[in-house]
Structure formats: C-alpha cells, structure tokens
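J.: Quick one: this structure, given as structure tokens, is what I'll be asking you about.
The values are calculated or read from the model by the stated rules, or taken from the named source; none is laboratory data. Treat the numbers as computed from the prediction; the structure is a model and nothing was measured. Cβ placement follows ideal geometry from the backbone for every residue including glycine, while neighbour counts extend to all protein chains displayed. Ligands, DNA and RNA are excluded from the accessible area calculation, which covers all protein heavy atoms including side chains. Shrake-Rupley method; radii C 1.70, N 1.55, O 1.52, S 1.80 Å.
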Amino acid sequence: MPDKNCLPAALYRADQVREMDRLAIGKYGIPGDTLMERAGQAAFELMRRRWPQARRILVLTGTGNNGGDGFVLARLALQEGLNVRVRQLGDRERIQGDAHTNAMRYAALSGDWQPCGEHLPGDVDLIIDAVLGTGLERSVEGRWARVLGQVNAARTPVLSLDIPSGLHSDTGVILGTAVCADACISFIALKQGMFTADGPDCCGDIHFHALDVPAKVYASQVLSARRLDWAGQRSHLRPRKRSAHKGDFGHVLVVGGDWGYAGAARLCAEAALRTGAGLVSLATRREHLSPLLAGRPEIMVHGVEDVAQLEPLLERAGVIALGPGLGRQSWGQALWKRVLDMELPLVVDADALNLLAEAPRHREDWVLTPHPGEAARLLGRTVRDIHADRFGAARDIQRQYGGVVVLKGAGSIIASGAHHPPAVCSDGNPGMASGGMGDVLTGVVAAWLAQGWPGREAAQLAVCLHAAAGDKAARAGERGLLASDLMSHIRRLANPDNV
C-alpha cells in the first residue's frame, strides 16, 4: 500500500480538474500531448514497480483522453518488449485530438489493437483500465457494463488510470457498474469521490502524479474538500506539562445505557478515558452499576433513574456525550430533553440523533455523529439518498442542525459550515463495520472537546485517531474486529511520542 503521506490533502471536483487541465494547456503553454505522455509514463512506471513480473498486458481503452493515456502506456510497454493487447470500447473513429495521436503512435509499432469482443482475453497478467474518465455522469449500461463486469470477475489485477471506470468523481458512487481496481493513479489533482462512498472499494491503493503542472494552476481553484489522516493530525498534539493534573483535561459525562445497552455507554466512557479525558462520569440505569464498575473502575458510574438524579452530574460536567445506548423510551427521552437544555458542548450520537430528528433543534456547540441511517432520518430522506451524495448530505445536516457533523462510513466526512471545506478521512477499514464502533468514536470526540479542542478540530482529531486505531487493530484480521480492540491502540496513538 502506498504511503498516504505522499498523497495531497487537497481534493477537487471533476469540473475543477478539467479547468486545471485547460489552464495548464492554454495559459501555461503545456501541450495536451505532453500532459498525456506524462500521464501514460507515470502509469507505466507504477505498473512496473507494482507488478514487475507482469509480461502480458491487456489495455482496455475508451474513446476519450482516458483512452489516450492508455495508448501511451501500451506503447511504452510494447517498446519494453512486453506482450501488449489493446481492446477498444467504442468506435475508434470517434477518437480525436491527443488521444488519436497516441493511438496512431501505438498502431505505428504494429501493436495489437482490436475491438473489444464479447469476452476478454484470459491469458493476461494485468489489466489496464483506461475506458472512462472523470467526465462520466450517466449510468454505464449494456455492452460497456458487461465488459466492466468481466474485468471485476477476472482473477487478474487491475490498474485504473485517473479514476476507475464507472465511478463518479464527485460523489464516489458507482454509476451502474464500475471497475474495482487493485490500484488507481490519479493525475493533476485527487478527486473527492475517490475517498468516500464506493470510492475506496473501487480505487484500491491510490497513487498520484501532478504531471508537473505549475503551482499557479492549483491557485486558480478553491479545493472542494480536504483529505485527512492520522499521520497529519497527530502533528497537532503536544506532550503534557509535567505539572498537569486531571482537572486540566476536562470532565466528560456520558449519558446513556438504558436496560440492555450498558455496553454502548461503557465503550463510549472508556474511549474518552483512553483518549485522555481527565475525568469520565457515566449516567446509566442503576442495575448497571456493579458490572460496569467491575469492568472499568476508573469510570465514575452513577445510577440515574430520573432527571432529578442527573442534575448533580450535569453541574460537574464540562462536556456531555449523549446517546450511546440511550434508547427512545421515556427514560431516554427525559434525559435527552434535559441535556439539550444545558449550555455545554455536546456530542450527540445514536438514539439521541433519532430523537433529534423527531424534534429538530439548531445549535453551534455540538458535534453530531450520524451513520447513514441516522443521517437519513435527520434529513427525511432514504439511506440510498445519503449514499448518493455523502458530501451533500453532511453539508445539509450541518446547515439544518448547526455545529459540526461527522457522517460516518467508508470515508467519514466532517462538515463544519460554509467557511471550511468538508474533510474526508482516508484511514479506516471494513473491519470497523461492527457494533460499538460509533460509541467509541463518540467518546473520542468528547475527550478532545474536554481537553480544550474546538468542535471542528476535535472532530477531525477524533475521526482520524479512531480510524487509525481501527487500522492498527485490523492487522490481526478485519473479520471479528471488536470495538473494544481499539482501546489500547487509541491510547498509544494519542501520545505524540508513539507511532
């Protein structure tokens, strides 16, 4: 897997990248053919590094500039003595401009170039996907869809050029059918859809080449989103003062854990402790006191059966994490109403979000952490709607409810208002799709808030720390990964002297 430190933080929409390409050619005098040559060369070099034993190369090309990049790679591979076959999707007579020039250069070497038949050649070591680029806006159907499906069905590694064919550059959604590549090399700028929704599944390991365009090209565009990872976020942390005491690091109150859901509240509270909160209290059902104290005595567990018993805990708290295991019965509703009247920073998750969807409020001092189902309820939409535009959904929740919004999922998105571009975390893994992970994240967010970080920064630190801890824990395997497996990794990663 490539070092994510080598990937830029700036992400862009497809129309912005097209404008960069236009400026590089029209204003800064870089011929389009030169950019295409650089793209094909960069892809070829990655191919040789990643699959040095591959000798039989199948290049699937479309009729646009993405296909032109593929012809450059095919020519370079042929010149190195590799067995190269090009299979054309679409009428070759439609190939124009620089793509046509490079197709002819390949053909001049007597390179194999044939229309794509009903079945792909089976005796190949590597497939190059150069079919559809960033301009795709409609669903891939018919013969094109069948070919992309055959690519995915083949037991052959795939390298996609610029973006996997069939993936929407802006939303990361598969348009009908898309290639699921082992690796993808993106040119000029990273596209925001590569890092969320279906993007991570389709792109595999992401690589990048700027094609040596001038820095002023990037200055022409305001980035549409920022890529975050723990490698970048941990640089914000500093060692603690030797004179520090627990009061310096805040007091988190977790409110939740109705009958049968004590585990969610316990995971949240322990995550807050492991992230460095000075004190953590937990307001839950009285019957949960003994098992919770036995399991983690550092949590100050309080039996709360009504709002009156919650009052003294509210007076001492600095930050409240509301929702893990809260439920939507009368007990949870009563606590929810009381906590929302407090003028304290809040982290709102789980059933607290579902209750919020039923009685919307707007405030600026909270962090909302919905998964797609909760996001759908907050917006009155379907989960499919949320998936279709995760950036837009996070933005809309933030506009309606205020504060900072963390839309969880593959490529969690952090939206914090019009003055800041959304951020998307590129860490994390599918092993984290298990119960309790969201409760842990809520505790991590609350802990950073308690330690003095503003809402946006606390959410960014928390999402990336949580994802990085999940990646550490997944080294033992993604299947069977438990939320509690993250605790020791959270502690190690939260200390700046540790890697």
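J.: Give the share of C-alpha pairs in each 5 angstrom bin for the stretch 1-66, from 0 to the last occupied bin, in whole percents, shortest bins first.
T.: 3, 12, 15, 21, 21, 16, 9, 2, 0
J.: Using the Kirkwood radius built from alpha carbon pairs, what does the Stokes-Einstein equation give as D for the stretch 307-451 at 4 °C and 1.567 mPa s, in µm² per second? Please list the in-between numbers first.
T.: Values: Rh = 15.5 Å.
The estimated diffusion coefficient comes to 84 µm²/s.
J.: A follow-up question, please. Could you give the C-alpha radius of gyration of the stretch 46-85 expressed as a fraction of 2.2 N^0.38 Å, taking N as the number of residues it contains?
T.: Values: Rg = 10.1 Å, N = 40, 2.2 N^0.38 = 8.9 Å.
After normalising by residue count via 2.2 N^0.38 Å, the value is 1.13.
J.: Continuing with the same structure: What part of the accessible area of the stretch 43-198, given as a whole %, is carbon or sulfur when the probe is 1.4 angstrom? Could the numbers behind the result be given before it?
T.: Details: 2670 of 5940 Å².
So the carbon and sulfur contribution to the accessible surface is 45 percent.
J.: Can you give me the pair-distance distribution of the stretch 84-204, C-alpha pairs, 10 Å bins, whole percents?
T.: Computed distribution, short to long bins: 13, 44, 35, 7, 0.
J.: Taking H placed 1.01 Å from N in the peptide plane, check which residues at least 5 places from Leu282 or on another chain put their amide H under 5 Å from its amide H.
T.: Answer set, sorted by chain and number: Val254, Met300, Val301, His302.
J.: For the stretch 394-488, compute the orientation-averaged projected area of the C-alpha convex hull (one quarter of its surface), in nm². Don't skip to the answer; put the middle values down first.
T.: On the way: hull surface 24.0 nm².
Convex hull of Cα atoms, orientation-averaged projection: 6.0 nm².
J.: Please sort 440-450, 73-83 by packing, taking for each peptide the average over its residues of neighbouring beta carbons within 10 angstrom, highest first.
T.: Descending packing order for the listed peptides: 440-450, 73-83.
J.: Using a 1.4 Å probe and counting only protein heavy atoms, arrange Asp389, Asp162 so the residue with the most accessible area comes first.
T.: Working: Asp389 60, Asp162 25 Å².
Ranking Asp389, Asp162 by accessible area, largest first, yields Asp389, Asp162.
J.: Follow-up question, since we're still on this one. Check cross-link reach from Lys472 to the aspartates and glutamates: straight Cα distance under 20 Å, and skip same-chain residues fewer than eight apart.
T.: In chain and number order, the partners are Asp3, Asp201, Asp205, Asp229, Glu270, Asp427, Asp439, Asp485, Asp497.
J.: Another question, if that's okay. Where nothing but the Cβ of Lys and Arg (+1) and of Asp and Glu (-1) is charged, how large is the charge dipole of the stretch 364-499 around its Cα centre, in debye to the nearest 20?
T.: 220
J.: Something else about it: So which cysteines in the chain don't have a second cysteine's C-beta under 4.7 Å from them?
T.: Cysteines of the chain left without a disulfide-compatible partner: Cys6, Cys116, Cys180, Cys202, Cys268, Cys425, Cys464.
J.: OK, next. Once the convex hull of the alpha carbons of the stretch 35-140 is built, what does its volume come to per residue, in cubic angstrom?
T.: Working: hull volume 11.2 nm³, N = 106.
Considering the Cα atoms of the stretch 35-140, their hull volume per residue is 106 Å³.
J.: Using only alpha carbons, build the gyration tensor for the stretch 259-322 and give me the equivalent ellipsoid semi-axes, biggest first, whole Å.
T.: 17, 16, 10
J.: What fraction of the DSSP beta bridges in the chain is antiparallel, stated in percent and rounded to the nearest 5? Before the final figure, lay out each step's value.
T.: Details: 8 of 60 bridges.
Expressed as a percentage, antiparallel bridges in the chain total about 15.
J.: Put +1 on the Cβ of each Lys and Arg and -1 on the Cβ of each Asp and Glu in the chain; which of Pro496, Ile397, Asn65 then has its Cα farthest toward the positive end of the dipole?
T.: Comparing the listed Cα positions along the dipole, Pro496 ranks first.
J.: Taking the Cα atoms of the stretch 247-383, what is the range of coordinates along each of the three principal axes, in descending order and whole Å?
T.: Result for the stretch 247-383: principal-axis Cα extents of 42, 32, 28 Å.
J.: I've got another one for you. What is the Rg over Rh value, at two decimals, for the chain, using alpha-carbon atoms and the Kirkwood definition of Rh?
T.: Across the chain, the Cα-based Rg/Rh ratio is 1.05.
J.: Hey, if we sort His466, His362 by accessible area with the 1.4 Å probe, largest down, what's the order?
T.: Accessible-area ranking of His466, His362, largest first: His362, His466.
J.: Using +1 at the C-beta of Lys and Arg and -1 at the C-beta of Asp and Glu, which of Cys425, Gln309, His251 has the Cα lying farthest in the positive direction of the dipole of the chain?
T.: Of the options given, the answer is His251.
J.: To one decimal place, what Kirkwood hydrodynamic radius in Å is obtained for the stretch 448-496 from all pairs of distinct Cα atoms?
T.: Values: mean 1/r = 0.0876 Å⁻¹.
Hydrodynamic radius (Kirkwood, Cα only) of the stretch 448-496 equals 11.4 Å.
J.: Is the C-alpha gyration tensor of the stretch 210-279 telling us rounded, prolate or oblate? Criteria: a/c under 1.5 is rounded; beyond that, a/b larger than b/c is prolate, otherwise oblate.
T.: oblate
J.: Additional query: For the stretch 167-265, take N as its residue count and report Rg(C-alpha) divided by 2.2 N^0.38 Å.
T.: 1.68
J.: What are the lysines whose alpha-carbon lies under 29 Å from the alpha-carbon of Lys216, with same-chain residues fewer than 8 places away excluded?
T.: Of all the lysines, those that pass the test against Lys216 - Cα under 29 Å, at least 8 places apart if same chain - are Lys4, Lys27, Lys191.
J.: With the cut-off at 1.5 for a/c, could you classify the stretch 189-242 from its C-alpha gyration tensor as rounded, prolate or oblate? Each step should come with its number before you reach the end.
T.: Details: a/c = 2.49, a/b = 1.42, b/c = 1.74.
Because a/c hits 1.5 or more and a/b fails to exceed b/c, the stretch 189-242 counts as oblate.
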